[in-house]
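Working notes for the structure below.
The values are calculated or read from the model by the stated rules, or taken from the named source; none is laboratory data. Fair warning: this is a prediction, and the values are worked out from it, not measured in the lab. Reconstructed Cβ throughout: ideal geometry from the backbone, glycine too, with neighbour counts over all protein chains shown.
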Amino acid sequence: MDKTIYIVDDEESVIASLQNLLSSEGYQVSTFLSPSAFLDRADYSTPCCLIVDLNMPGLDGFDVSLHLTERGYSIPTIFLTGYGTIPLTVRAMKAGAFEFLTKPVMPDALLRVVSEALALSEKCALASQEKRAMTARFSSLTPREKELMQYVIRGLLNKQVAAEMGISEITAKVHKRRVMEKMAVRSVSDLVRAAEKLGLPEQS
């Protein structure tokens, strides 16, 4: 399976240096001078990793990572920065960074991290594909259906859901069946597992 390394940095010299290093090792490299250009891609389904600068005008590296997560992609991300501080490192790790490196990056360190990131991406490719499909299914729900889904995964019965939403019990059953169909699940327990995989916030 093809593997691609994406590089997003607003400095052409940095991109050229990283591309030369990685290409010389036989890697397939795709570069972007802005986060928006990278995010305009429609698909990142093949095993890949992302090397992204944290400090760029407009969208930064954290924004790029957030956008990918919202689309259901889990791409091992290597954050680069010209200066490393403990708070920045902590924030990067909380953002799901695979690794956090400071510029100038040592070639051996980068190659090791890239190799590990691609291995992880290949292993998780199927899971990522399933999550993207699930994210798309959830996005197809109407706001009302999403509201009902939250009640259902909390364990409320049809009568209770109807009372919470101000609708009849029959209507609640119809909406519930439609949600189950759209989410491609057969039981409430399957719906709960789908919500967990999507990382939906628990409602109290």
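The table below lists the values:
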quantity	calculated
Near pairs, Cβ below 8 angstrom, 6+ apart or cross-chain, from the stretch 52-76 (touching a residue at least 24 places away in the same chain (Cβ under 8 Å)) to any residue that is in a loop (DSSP other than H, G, I, E, B) and of a type in the set (A, V, I, L, M)	60/54; 61/54; 62/54; 62/95; 65/95; 66/95; 67/59; 68/75
Every pair of residues 6+ apart whose Cβ atoms lie under 6 Å, when the first sits in the stretch 15-30 and is within 15 Å of residue 48 (Cβ to Cβ) and in the same structural domain as residue 56 (by TED's automatic domain parsing) while the second is part of a helix (DSSP H, G or I) and not aliphatic (A, V, I, L, M)	29/19; 29/23
Qualifying helices (runs of 4 or more DSSP H) (wholly inside the stretch 100-204; at least 3 residues being in contact with a Pro (Cβ under 9 Å, 6 or more places away or on another chain))	107-139
Of residues in the stretch 107-135 being farther than 30 Å from residue 16 by Cβ and of a type in the set (Lys, Arg), the one surrounded by the fewest Cβ atoms within 10 Å (Cβ to Cβ)	123
Unique match (being over 24 Å from residue 10 (Cβ atoms) and either in the same structural domain as residue 18 (by TED's automatic domain parsing) or among the hydroxyl-bearing types (Ser, Thr, Tyr) (or both)) among 83, 151	151
Among the candidates 80, 66, residue that is surrounded by 15 or more Cβ atoms within 10 Å (Cβ to Cβ), among the hydrophobic types (A, V, I, L, M, F, W, C) and not in a loop (DSSP other than H, G, I, E, B)	80
Filtered residue count, the stretch 55-75, keeping only those that are modelled with pLDDT of 85 or more and β-branched (Val, Ile, Thr)	2
